[in-house]
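The structure appears below as C-alpha cells.
The values are calculated or read from the model by the stated rules, or taken from the named source; none is laboratory data. Every value quoted in this text rests on a predicted model; they were computed, and no experiment measured them. Cβ coordinates were reconstructed from backbone atoms using ideal geometry, including for glycine residues, and neighbour counts include every protein chain displayed.
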C-alpha cells in the first residue's frame, strides 16, 4: 500500500505552493531561501528511500520512523535531527486516551514528518498558517509549529482530565452513585494519566536539547517560542503528577467511605440481632418444662411479655442513643 504524501514549498518566508512532486525535491533543496515540508502517512522504508537519499537521512533514523512505539526523543545526526513524539487526545465519549505517534526529520532546509492515519496533517498546516509572520524562520518555524501543536494537545488533554476528575469528586459522597461505576471511571482516568505522563515527561529532554545554542540547524530567533513550549511542557508535567495523586486519593477515600458504610451496616445488623435475641431468650426460658413463677398460669404470660417489651425497648433506646440504629 502506497503511503499518502503531502508537501509544501516555502520561499523567502512565503508559502509558494503545495503538492510539490517528490522528484522536484533534489533540485529545490539546493536553491537559496527554500524551505520544504514533506509529510508521510503510514510509510514503509521503501517509501522513504527517495527522501532518505535527497535529504541525507541516517538509515537508523529511517528505521525508527517506520517502527512504532518509539520513546519520545530527539536524536542528533551529522546532517539532521530526528524527533519522536506523541500527540494525545481524550475520547469524547470515554476516558480512554488516544495517542498517535509522530516522527520528524529536521534538516537545515526541510522538515519531513511521519505519522499514522490517526493524525490529521491539516491541524498542523492550520497551525502554521495562523502565524504567517514567523514563516521567514524556515525549518525552525515548522518545527516549532509541530511541537506547539503536540504540547497544546497535551495541555488540552490534561485540562479535560482535570474537569472529569472534578466531576468524579462530586459523586464521591453521593450515596446514589453506583460504586462499580466510580471505581471503573477512577481506574480509566488513572490509566489515561499514566499514558499521558509517558508522552509528556520525555519532552523535557527534547526541548532542553532544542534550547541549546549549539544546534546550527535551528534559528536562534525562535528560541523564545521554543522556551514557551518548554514552559507548557513543565506545566503539563506538574499538572499530570498532581492529578495522578488526586485520583489515587479519590480511590483511597472511596475505599474508606465503603469501609465506614460497611461498619455502619454491621452495627445496625448487630443491634437488631441483639434486640431479636431478647424475645428468643425470654420465650426459651418460659418454655421450660419445670415449675417457675407463673408456670402454666396467666402470670407467666404477662411476665414473659413484659420482659420482652422492657428488655427490647431498653436495648433499642441504648443503640439509638449510640446511633447504631
Practice task
Considering every residue within segment 175-184, establish whether at least one is over 17 Å from residue 96 (Cα atoms), in contact (Cβ under 8 Å) with a residue 12 or more places away in the chain, in a loop (DSSP other than H, G, I, E, B) and assigned by TED's automatic domain parsing to the domain that holds residue 80.
Solution key: no
Fill in the blank from the handout: Within segment 211-243, the residues that are at pLDDT below 90 and more than 25 Å from residue 137 (Cα to Cα) are none
Completion exercise
Residue count, segment 31-51, condition farther than 19 Å from residue 144 by Cβ and either touching a residue at least 40 places away in the same chain (Cβ under 8 Å) or not assigned by TED's automatic domain parsing to the domain that holds residue 135 (or both), comes to 8
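Could you identify the single residue in 285, 295 that is modelled with pLDDT under 70, within 27 Å of residue 325 (Cβ to Cβ) and more than 60 Å from the chain's Cα centre (by Cα)?
Values: 295 fails: within 27 Å of residue 325 (Cβ to Cβ).
Among 285, 295, only 285 is modelled with pLDDT under 70, within 27 Å of residue 325 (Cβ to Cβ) and more than 60 Å from the chain's Cα centre (by Cα).
Quick test for you: out of 19, 23, pick the one residue that is on the phi > 0 side of the Ramachandran plot and loosely packed, with under 12 Cβ neighbours inside 10 Å.
Values: 23 fails: on the phi > 0 side of the Ramachandran plot.
The unique qualifying residue is 19.
Is there a residue being under 12 Å from the mean Cα position of the chain (by Cα), buried (at least 16 other Cβ atoms within 10 Å of the Cβ) and assigned by TED's automatic domain parsing to the domain that holds residue 85 anywhere in segment 224-231? Explain how you work it out, then say what you get.
Filtering segment 224-231 for residues under 12 Å from the mean Cα position of the chain (by Cα) gives none.
The answer is no; no qualifying residue exists.
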Exercise for the section: Go through (1) under 22 Å from residue 129 (Cβ atoms); (2) buried (at least 16 other Cβ atoms within 10 Å of the Cβ) one by one and return the number of the condition residue 14 breaks. Expected result: (2)
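Can you find, within segment 55-75, the residue that is nearest to the chain's Cα centre (by Cα) among those that are in a loop (DSSP other than H, G, I, E, B) and buried (at least 19 other Cβ atoms within 10 Å of the Cβ)? Write out each step before concluding.
Applying the first criterion (in a loop (DSSP other than H, G, I, E, B)) to segment 55-75 yields 56-58, 67-72.
Adding the requirement that they be buried (at least 19 other Cβ atoms within 10 Å of the Cβ) leaves 57, 72.
Working: 57: 33, 72: 16 Å.
In this case the residue turns out to be 72.
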Handout entry: Among (1) out of contact with any helix residue (DSSP H, G or I) (no Cβ under 9 Å at 6 or more places or on another chain); (2) closer than 23 Å to residue 76 by Cβ, the one test that residue 206 misses
Key = (1)
Practice task
Evaluate segment 199-209: report whether one residue or more is assigned to a helix (DSSP H, G or I), without any contact (Cβ under 8 Å) to a residue 60 or more places away in the chain and surrounded by fewer than 19 Cβ atoms within 10 Å (Cβ to Cβ).
Solution key: yes
Practice task
For segment 129-143, indicate whether the set of residues that are at negative phi and under 21 Å from the mean Cα position of the chain (by Cα) is non-empty.
Solution key: no
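Mind telling me which of the residues 217, 275, 250, 257 ends up being in a loop (DSSP other than H, G, I, E, B) and surrounded by 13 or more Cβ atoms within 10 Å (Cβ to Cβ)? Full working, then the answer.
Numbers: 275 fails: in a loop (DSSP other than H, G, I, E, B); 250 fails: in a loop (DSSP other than H, G, I, E, B); 257 fails: in a loop (DSSP other than H, G, I, E, B).
Of 217, 275, 250, 257, the one residue that is in a loop (DSSP other than H, G, I, E, B) and surrounded by 13 or more Cβ atoms within 10 Å (Cβ to Cβ) is 217.
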